[in-house]
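Here's the structure, in structure tokens; my notes come after.
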Amino acid sequence: MQQAQKIEALRGARAEAPAAVHPLSGWGLVALAFTNVAIAYAVVFSFPIFLPVLVEDFRASRGTVAAAFSWAISAVIRVSPSRVIIPGSLI
């Protein structure tokens, strides 16, 4: 009797649609992390290319410009990026 009730319940059950997959799960998260790391490395390791131009524009010594860049990177590492970038963009 129980088996017959289970079969009837299954026949009357509706198929539910699968839950939507969040875009930041699985490979989407891997792609986002890869992009983030690629941009971070590009910014850090391309600094020597732009150093002569920055020295000329700011009319400062190479040491001063490099120290400012080092200070900015350490500030971003110690504090969250949003707390450094937003005030910096307002200045």
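Between A60 and N36, what FRET efficiency comes out of the Förster formula 1/(1 + (r/R0)^6) with R0 = 30 Å and r the beta carbon distance, rounded to 0.05?
Details: r = 31 Å, r/R0 = 1.02.
That pair, N36 with A60, gives E of 0.45.
Taking 0.36 nm per residue of separation and subtracting the current Cα-Cα distance, fully stretching the chain between V43 and V76 would add 10.6 nm.
Where a number appears in this text, it was derived from the coordinates with a stated rule and is not lab data. Everything numeric in this text was worked out from a predicted model, so none of it was measured. Because the Cβ atoms are built from the backbone with ideal geometry, glycine has one as well, and the counts that use them run over all protein chains shown.
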